[in-house]
Every structure is written in C-alpha cells, then in structure tokens.
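> Dumping the structure here so I can ask a few things about it.
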Amino acid sequence: MQRTRRLTSLAAALVTAAGGALLAGAAPADAAPDPGSLFRNTGNGLCMSTADDPANAFQGTATFAPCDAADPRQRWRLQLAAQPAWQIVSVSSGQCVSDVGGWGLAWLGTCDAHDVNQWWHFTEAGSGQVFWVSHDDGKRLSTPYRQGTSYVTVRKDLPDTKDTRYKWSLLR
C-alpha cells in the first residue's frame, strides 16, 4: 500500500513535470514557477547539488551536499528531451546533468534536447525510489561510496545492480 502511494506520488510528479514542459507558456502569468525537487541518494543520504566544492578537483560536475530544501542549488526540474527521455535541469544554473563519455562523473552542461548524453529515463527501484539510467550507455546516477563523496557519478560497475548507491528519491 505504501509502495503504491509512493509510486503514485512519483508518477504524479513526473506527469506534472511533463505537463509543465509541454505546456510552457500556457500557464497564467502570475503562476509560480516549478520549484523543482531534491534528488536524494539513498546510499549516502545526501542530495545532488551544483554547489562548488573546493575538495573536488573537477568543477562543473554535480556534487553532493546535506539536503537543504531552501538551497536552490539542490533543486532540479525534469524536462522532456527530443526523444522519449528526460533532461535533469538545475533550477539554480539552468544546466543539465550529462553522462559524458566514460569519465564516470555527472557533468553539468548547457542543456541541449538533442544531446543523447543528457537523456535519462528511470526505472522503479522499490519503496518509491528510482534508478536514473542514461539513455546513452545504460549507466546509472550514483555515489561511489556509502559514506558519500563530493561528486555524483555515472556508472554500472557495482556488483549488486540494486545497490542503494544507485537509488534516488525525489523530494518536494
């Protein structure tokens, strides 16, 4: 029952995101913009962010930070890409999460609906959680360590394909 409610909530959020993407400009002028959702990794309990991290030598990547609903750098919107796929867009920077050729890091770049590196789909992971999977190569958004790191990774090399480091919750 609880699982069904969580999946229904996730589906409603995704339909709302799709509706917003499809009906952009159709909303009343005084309508508040979509505040986005937090992407919380189940494996480390941290949220995806665009915050710069001095300990992270790779700038321009998605990072992790303690979840803070008031921090716009941790808010993400979904928009439809050129294919039946989603782009994950930062509310604060307007950049999209990209799975760029084998680097293993989730890079942030200028959104391009035709860039296959920015196409994501999700699969159900149980308990209202999802796996975010790259259309390009089947890798998943993840964290390398259960203790957390400062950067979000894109990988598919963990021995257990249902490892919690691959699982995400969307929080409003």
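> With no solvent and one point on each alpha carbon, what is the Debye value of log10 I(q)/I(0) for the range 59-172 at q = 0.14, 0.23 Å⁻¹?
-0.53, -1.56
> Name the residues whose placed amide hydrogens come within less than 5 Å of the amide hydrogen of Ala106, ignoring near sequence neighbours (fewer than 5 apart) on the same chain.
Ala62, Val152, Thr153, Val154
> While we're here: What distance in nm separates the simple spin-label points at Leu158 and Ala69, each placed 7 Å from Cα in the Cβ direction?
Using points 7 Å along Cα→Cβ, the separation is 2.6 nm.
> Just how far, in whole angstrom, is the range 30-52 from the range 85-138 if you go by their alpha carbon centroids?
Their Cα centres are 14 Å away from one another.
> If you consider only alpha-carbon coordinates, what radius of gyration and Dmax does the range 83-124 have, in Å?
For the range 83-124, the Cα-based Rg and Dmax read 10.1, 28 Å.
> Would you please calculate the Kirkwood hydrodynamic radius of the range 61-100 over all C-alpha pairs and express it in Å, rounded to one decimal?
11.1
> While we're looking at this one, here's another question. Using θ = phi - 60° and the Karplus relation 6.51 cos²θ - 1.76 cosθ + 1.60, list the HN-Hα couplings for the range 75-81 in order, rounded to whole Hz, with x at every Gly or Pro.
9, 9, 10, 9, 9, 6, 8
> Further question: How much length would be gained if the chain were fully extended between His121 and Leu80, taking 0.36 nm per residue of separation minus their Cα-Cα distance, in nm to one decimal?
Net length gain for the segment: 13.7 nm.
> Going by C-beta contacts inside 10 Å, put Asp99, Asp115 in order with the fewest on the left.
If I rank by nearby Cβ atoms, fewest first, I get Asp115, Asp99.
> Going by how many other Cβ atoms sit within 10 Å of their own, how do Trp107, Trp132 line up, fewest first?
Trp107, Trp132
> What ranking do Tyr166, Tyr151, Tyr145 get, fewest neighbouring Cβ atoms within 10 angstrom at the top?
Tyr145, Tyr151, Tyr166
Where a number appears in this text, it was derived from the coordinates with a stated rule and is not lab data. Model, not experiment: these values are computed from the prediction. Because the Cβ atoms are built from the backbone with ideal geometry, glycine has one as well, and the counts that use them run over all protein chains shown.
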